[in-house]
Amino acid sequence: MFSFDIDKYLNRIGIDMAASDLHVTGESLCLLQKAHLYCVPYENFDIIDGKPLDLTTEALYNKIVERERGGIFTELNGLFGDLLRAVGFGVNEYLARILYTEDGSPLKQHRVLEVQARDGNYICDVGIGTESPRIPLKKEEGLVQNDGFCDYKLENEPFLGWIIWQRKKMSEWKKLYSFTDEIQLSVDFLQPTFYLENSSRSSLNKQLSAVIRTNDGLIVLEDDVFKVHSVNHEVRMFRSEGKEDLNSKIKEYFGIDRRLS
């Protein structure tokens, strides 16, 4: 019988404490989000390998915690939401529009969490495949918040709803994604996930993709090209030399053995 083991999940994301030691506060929430981003990669390997995604808690727990894999938007934030609820946080889930890669008003396909803590409400996200907030963002319009890498702020406007803005060092403000306060059920993420897996317009079924945060920046895989981003936004690029080298580097940088996945 399936058991959601909170302490095992915490161990998966490198937190050496018992669940009972966590509090329903922004401080604990920050600890959980940062740990998740540094230990669990965003990756689309199952999609590329033709393996259908399963968004049930049991399947996601088995994939991310037991098998030490990563996942895409709807997988990572889905299981992270379950962890937060198990710890004692209140969690609402929303569908969001990714704005940093497309023009206009793209399809709602991203899964984002609003988390209720004792000291306020926060927007949490561990499922984006690019530089994104490493800390929970207080849901307060106009407040500039910094995670050590970028500035962020929220804006509320009539059509898009809440917009997450990002400003990298020496850059202009850019829209990251937007969402409205319409609470979604887990079943509501099945259709966008199916689209991401199967649509000819999806960017996730064309080539291998993975992202993991580091203390210096982040490491990105695009097909067979690795990009190591540093804190000052410099990028070092290198290409793998064949399938064996590719799988070896995926294991080294993302902790995933594709021969076992």
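The values are calculated or read from the model by the stated rules, or taken from the named source; none is laboratory data. Since the model is a prediction, treat every value here as computed from it, not as a measurement. FYI the Cβ positions are ideal-geometry reconstructions off the backbone, even for glycines, and counts take in every protein chain you see. Side chains are part of the model used for accessible areas, which takes the heavy atoms of the whole protein and leaves out ligands, DNA and RNA. Shrake-Rupley method; radii C 1.70, N 1.55, O 1.52, S 1.80 Å.
On the given criteria, is residue 151 in contact with a Lys or Arg (Cβ under 6 Å, 6 or more places away or on another chain) and either within 30 Å of residue 53 (Cα to Cα) or at pLDDT 95 or above (or both)? Taking the combined requirement at face value, the residue satisfies it. Do you know which of the residues in the stretch 151-190 that are loosely packed, with under 15 Cβ neighbours inside 10 Å and among the aliphatic types (A, V, I, L, M) is farthest from residue 116 (Cα to Cα)? Out of the qualifying residues, it is 170. Any residue that is open to solvent by less than 50 Å² (accessible area, probe 1.4 Å), of a type in the set (Phe, Trp, Tyr) and at pLDDT below 95 - is there at least one of those in the stretch 234-241? Yes, the stretch 234-241 has at least one match.
Conditions (1) part of a helix (DSSP H, G or I); (2) free of Cβ contacts under 8 Å to residues at least 24 places away in the same chain; (3) aliphatic (A, V, I, L, M); (4) open to solvent by 50 Å² or more (accessible area, probe 1.4 Å), marked per residue:
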| position | (1), (2), (3), (4) |
| --- | --- |
| 28 | yes, no, no, no |
| 38 | yes, no, no, yes |
| 47 | yes, no, yes, no |
| 54 | no, yes, no, yes |
| 60 | yes, yes, yes, no |
| 63 | yes, yes, no, no |
| 84 | yes, no, yes, no |
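Quick check on the stretch 71-80. Is at least one of its residues of a type outside the set (Ser, Thr, Tyr), in a helix (DSSP H, G or I) and over 11 Å from the mean Cα position of the chain (by Cα)? No: zero hits.
Close contacts from the stretch 139-164, counting a first residue that is touching a residue at least 12 places away in the same chain (Cβ under 8 Å) and a second that is assigned to a loop (DSSP other than H, G, I, E, B) and of a type outside the set (D, E, K, R), with Cβ to Cβ under 6 Å and a gap of 6+ residues or different chains, come to 147/133; 147/135; 151/144; 152/133; 153/144; 161/180. The set of residues in the stretch 90-139 that are in a loop (DSSP other than H, G, I, E, B), crowded, with 18+ Cβ neighbours inside 10 Å and of a type outside the set (D, E, K, R) comprises 99, 126, 127, 128, 129, 132, 133, 135, 136.
A Cβ distance below 8 Å, combined with a sequence gap of six or more or placement on separate chains, defines the contacts here; from the stretch 213-238, residues that are hydroxyl-bearing (Ser, Thr, Tyr) reach residues that are not in a strand (DSSP E or B) in the pairs 214/38; 230/216; 230/217. Scanning the stretch 193-222 for residues that are over 13 Å from residue 131 (Cα atoms), touching a strand residue (DSSP E or B) at 6+ places or on another chain (Cβ under 9 Å) and surrounded by fewer than 18 Cβ atoms within 10 Å (Cβ to Cβ) gives 195, 202, 203, 207, 222.
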